[in-house]
1. Pull up the cross-link candidates among the lysines for LYS336, meaning alpha carbon to alpha carbon under 25 Å and not fewer than 8 places away within one chain.
2. Just flag the trypsin sites (Lys or Arg not before Pro) in the stretch 23-89 sitting in loop per DSSP whose Cβ has no more than 11 other Cβ atoms within 10 Å.
3. Quick one: 3J(HN,Hα) in Hz for the stretch 421-427, Karplus 6.51/-1.76/1.60 with θ = phi - 60°, rounded, Gly and Pro as x.
4. Considering only the other residues whose Cβ falls under 15 Å of the Cβ of ASP9, what net charge follows from Lys and Arg at +1 and Asp and Glu at -1?
5. Give the accessible surface of the stretch 439-483 per residue, rounded to a whole number of Å², with probe radius 1.4 Å and ligands, DNA and RNA excluded.
6. Given contacts defined as C-alpha pairs under 8 Å and at least six residues apart, what's the relative contact order of the chain, whole-number percent?
7. Could you tell me which trypsin sites (Lys or Arg not before Pro) in the stretch 432-535 are loop residues by DSSP with no more than 14 other beta carbons within 10 angstrom of their beta carbon?
8. Keeping every protein chain present and rolling a 1.4 Å probe, give me the accessible area per residue for the stretch 31-188 in Å².
Amino acid sequence: MSSRLRVSDISRPSVQMAHISLDDLMPLPPPYDKLEDQPGWKVLTDAQRHDYEASLDDTLAVGVPKPKSTAEEKRLVEQFLSGLEKLMSKENNWTFLQQLTLSIEHCAKCQTCIEACPIYEASGRNDLYRPTFRSEVFRRIVHKYTKPGGKFFGRLMHGDIELNWTTVARLLELAYRCTLCRRCAQTCPIGVDNGLITHEIRKLFSMEMGIAAKEIHEKGSVLQLKVGSSTGMNAEVVKDNIQFIDEDMHDLTGIKVETPWDKEGADILLIHNAGEILAWPENPGAFAIVLEAAGISWTMSSDLTAYDGINYGLWYDDAQFARVAVKHAQAAKKLKVKKIVIGECGHAHKALTVIADRVLTGDLIIPRESSMVLLRDIVMSGRIKFDPTRNDFPVTLHDPCNMVRLMGIVEPQREVVRKLCPQFREMEPHGVENYCCGGGSGFAIMSPFNFQDWRLSVSGRIKLKQIVEAFADHPDPEIKKYLCAPCSNCKGQIRDLFRYYGVWEKSGITYGGLVELIVNAMVDIKEPFIKWEFH
Ligand code: SF4
Ligand code: SF4
């Protein structure tokens, strides 16, 4: 059924609209090529299918409860329509209406973009995951239900679609089968952005209907605005953790570091993704070592949200996004720093630079810079002495979509690894052509129902293939290899991918950030900084 899907099928009630089995999926290279060794996915239980709207495919990302009556279904459809009206109006959607309208109006239906989509390709080219399938559903709804005479002309000119509860419930889930990597948008010859359309669908559900993935809303932006960080750390806890990391760094390297907090007039306010502090403390620790060694004037801020660069609103809700972005800028202004530097987190890069430009105006304007640029400048400045032979092991580089494709930060991190890593090799394709880790748009922290199986079997599949192929000349797991992934979100997805497929055990590949490679090559560090372990 799924290989011959028509756009209008989305409105036709059925048990399940599309299905993929393991042998449909894009093959993986050895030693991951045997289907019997692949974990596959757990099947949704009868109880889950009974309680939640699960008629799209084999998984659930949001899991909206089934309405109790047809009256409730009707109310939800009306709410969707009311949100759609707002989404298509300048007053309510000044942030993205222009780009949305262009993407709705100008698709030539050439299907060039579908070849660029890692999810479509990894799924074995399942029609449901075509970038244009979701957009076409939405486009028809817009034309039929928001344009004058749309019920007649919209149907004739753009194709018919029926807006019932089945359509709405499936569209919600379908908006969470795309990582917003925007590889399709880059490929489109006329600049239609299917990723943006997905974003706007998510936004409609969140801002009008209060429906969003729990991990990025309740446990994400709501928690961040309430306690300061979506990790749940308040200011006191984060300071304690950083103090512990500083002490650990001293024990490990012999270099004394003391992370400055709330230092007024510092040149730089450094904002990490706070997930690093808990999951990969060596990353903020390495930043502190490098900044101190280079004599940089820097600080962290203990203000609400300002010690966590995460801003999950980016993926689903403009209001939540703006609340966090404004607090980031206010914290920097309060400390009178010259600029904000964003740590190794791709989505924090996108949030606080390109998208925050839409809301940070007037007194809130403050220069914001990528840590890739700062680290490159430090490494190239000659202020720190390096011995690249300390990094003489195979290294490849993952390009986080938001940092590289969206912002064009391609070279700074490469200049560093070329200088410090003698066995650096690119994965193919790379740079702005690179593939998403499969954890973009919040997926890396989303594992409800059996969704983790889907994101590791489908959305992360091409990334795994790329990584393994980049080290194909050293398949022996005894030869330790390093995947440099300068993004906290990507590292979360890569950690899960490596665990799922046993990559450390089978291939001897571990992963980490860029700054760890820099510290590992510092002459002043007596013991290797990179520990060859997997965590
Ligand atoms: S989005 Fe662009 S590439 Fe894709 S079908 Fe439309 S015009 Fe073609
Ligand atoms: S944004 Fe990325 S995942 Fe989403 S449809 Fe486009 S290529 Fe596919």
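1. LYS226, LYS239, LYS263, LYS327, LYS350
2. Answer in residue order: LYS34, LYS68.
3. Per residue, the Karplus-derived 3J(HN,Hα) values read 10, x, 9, 5, 9, 7, 8 Hz.
4. With Lys, Arg at +1 and Asp, Glu at -1, the neighbours total +1.
5. In whole numbers, the stretch 439-483 has 27 Å² accessible per residue.
6. 15 percent
7. LYS526, LYS531
8. Accessible area per residue, the stretch 31-188: 45 Å².
The values are calculated or read from the model by the stated rules, or taken from the named source; none is laboratory data. In this text, all values refer to a predicted model and were calculated from it rather than measured experimentally. Counting neighbours? That spans all protein chains shown, and the Cβs are built from the backbone with ideal geometry, glycine included. Just so you know, the surface numbers come from the protein's heavy atoms only, side chains and all, with ligands and any DNA or RNA stripped out. Shrake-Rupley method; radii C 1.70, N 1.55, O 1.52, S 1.80 Å.
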